[in-house]
Amino acid sequence: MLNSINISHVFVLDQDEALEFYVGKLGLEVSADMDLGFMRWLTVRVPGDPGRDILLEKPGPPAMDEATAAQVRQLVTKGATGFTVGFTTDDCRKTYETLKARGVEFTQEPTEQSYGIDVGLRDPFGNHLRIVQLAAQPRAVAERAIKR
Amino acid sequence: MSRAVEEFNRRLLRARDAMDRTYAQPLDVPALARIAHVSEAHFSRSFRATFGETPHRYLQRRRVERAMFLLRETDRSVTEICFDVGFTSLGTFSRTYNEIVGQTPTAYRDRTEALPAPTCFTMAWTRPSSFGEAAARNGK
């Protein structure tokens, strides 16, 4: 059956602006940038993790009509596309400080979770991204429940 | 036209994110209106048109969702939690909580266990709704 996830996508409103953010601020690298004629195939990946690409896809004709593309753009800019991509890091607080200094917009500051420390952020278009520093051993989540 | 709406959405989302981050502080409409680049008079109306509820209600649900989280995951007292999430009176907290959740904070704590899900999802998905489906689920 299936082996792994090798590519997933994020809708972006402008691919150049997307590069500025995903490469220029988040520190990803371009894995492909090709003019296929009918579309610009633009993918990025985490340096050192070549097996997983993110397609930065611009909604529009001919894949979808302009009215539908406008609806997609509405949803993205309202933050209604839900959770798009989750990254891992070795040091969440340090990464947060670095990205904050670069002007990245955070929705949630570093927070201790049962599974580690994580932050929430948005790309320039409204997509919700997360970065987590995974705990070596997930803490029991139902301590209160067990006590009772 | 469409581009202007998208930019407006994005600015309102930025203001909503600010509310989510600073939920324990008083609702500061002038500051939020500045983030959204709209007049104070327009902010609430625009927010409601975009997200389906007033900023005040959004913040109430955010605070109640955080209170539910603290009731589930910690041993802090109801009074402490009331102030933790930004309410300034226990009476208002209890009334608002009861109205939105349909049970008292103490009853909720007694009947609920911790959820093994990231905060961002509990924030979005366990937030008590203004949109009617909870009542529908309860057969009201």
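The values are calculated or read from the model by the stated rules, or taken from the named source; none is laboratory data. Here the structure is a predicted model, which is why all the values come from computation and not from measurement. So basically every Cβ, Gly included, is an ideal-geometry build from the backbone, and we count neighbours across all protein chains shown. The protein model used for the area step is the full one, side chains on, heavy atoms only, and it has no ligands, DNA or RNA in it. Shrake-Rupley method; radii C 1.70, N 1.55, O 1.52, S 1.80 Å.
Rg and Dmax of the protein assembly as shown, Cα atoms, in Å?
20.7, 64
Determine the calculated [θ] at 222 nm for chain A from helices alone, applying -39500 (n - 2.57) to every DSSP H run no shorter than 4 residues and normalising by the residue count; nearest 500 deg cm²/dmol.
After summing the helix terms and dividing by the residues of chain A, the value is -6000 deg cm²/dmol.
Suppose accessible area is computed on protein heavy atoms with a 1.4 Å probe; arrange B:43, B:83 from highest to lowest.
B:83, B:43
Output the Kirkwood hydrodynamic radius of region A:50-107, Cα pairs only, in Å rounded to one decimal.
It works out to 14.3 Å.
Rounded to two decimals, what is Rg over Rh for chain B when you use alpha-carbon atoms and the Kirkwood radius?
Taking Rg over the Kirkwood Rh, I get 1.00.
Take the solvent-accessible surface of the protein heavy atoms, probe 1.4 Å, and return the percent of it on region A:65-118 that carbon and sulfur atoms account for.
Carbon and sulfur: 49 percent of the exposed surface of region A:65-118.
Can you give the charge dipole size of region B:11-74 about its Cα centre, rounded to the nearest 20 debye, using +1 on the beta carbon of Lys and Arg and -1 on the beta carbon of Asp and Glu?
100
Hey, what angle do you get for helix A:66-77 against the long axis of chain A, alpha-carbon based, 0 to 90 degrees rounded to 10?
Compared with the principal axis, the helix lies near 20 degrees.
Nothing charged except the Cβ atoms of Lys and Arg (+1) and of Asp and Glu (-1): what's the magnitude of the dipole of chain B about its Cα centre? Round to the nearest 20 debye.
Here chain B has a charge dipole of around 360 debye.
Looking at the protein assembly as shown, what % of its DSSP beta bridges pair antiparallel, to the nearest 5?
70
How many Å² of accessible surface get buried when A and B come together, counting both sides, probe radius 1.4 Å, rounded to the nearest 100? Kindly include the intermediate steps, with their values, before the conclusion.
Numbers: alone 9330 and 8400 Å², together 15520 Å².
What A and B bury together is about 2200 Å².
Which three extents, in whole angstrom, do the alpha-carbon atoms of region A:1-44 cover along their principal axes, largest first?
The Cα atoms of region A:1-44 stretch 37, 28, 17 Å along the principal axes, largest first.
Taking a 1.4 Å probe, which of B:95, B:111, A:130, A:102 shows the most accessible area, and what order do the others take after it?
B:111, B:95, A:102, A:130
If we restrict to alpha carbons, what Rg and Dmax does region A:1-113 come to, in Å?
15.5, 46
Helix A:92-101 versus the longest principal axis of chain A: what is the Cα-based angle in degrees, 0 to 90, to the nearest 10?
The angle comes out near 40 degrees.
When the Kirkwood radius is taken over all Cα pairs of region B:18-59, what Stokes-Einstein diffusion coefficient follows at 4 °C and 1.567 mPa s, in µm²/s?
In µm²/s, the coefficient is 126.
What accessible area per residue, rounded to a whole number of Å², is obtained for region B:1-97 using a probe radius of 1.4 Å?
Accessible surface, normalised per residue, equals 47 Å².
What number, in percent, do you get for the relative contact order of chain A if the mean sequence gap of Cα pairs under 8 Å and at least 6 apart is divided by its residue count? If you can, show how the numbers build up before the last one.
Numbers: 233 pairs, mean separation 29.7, N = 148.
Taking the mean separation of contacting Cα pairs over the length of chain A, I get 20 percent.
Residue-wise, which Karplus ³J(HN,Hα) couplings in Hz belong to region B:83-93, taking 6.51 cos²θ - 1.76 cosθ + 1.60, θ = phi - 60°, and x for glycine or proline?
6, 4, 8, x, 7, 10, 9, 5, x, 5, 4
Using only the Cα atoms of region A:77-126, construct the convex hull and provide its projected area averaged over every direction, in square nanometres to one decimal.
Numbers: hull surface 14.9 nm².
Reported value for the Cα convex hull: 3.7 nm².
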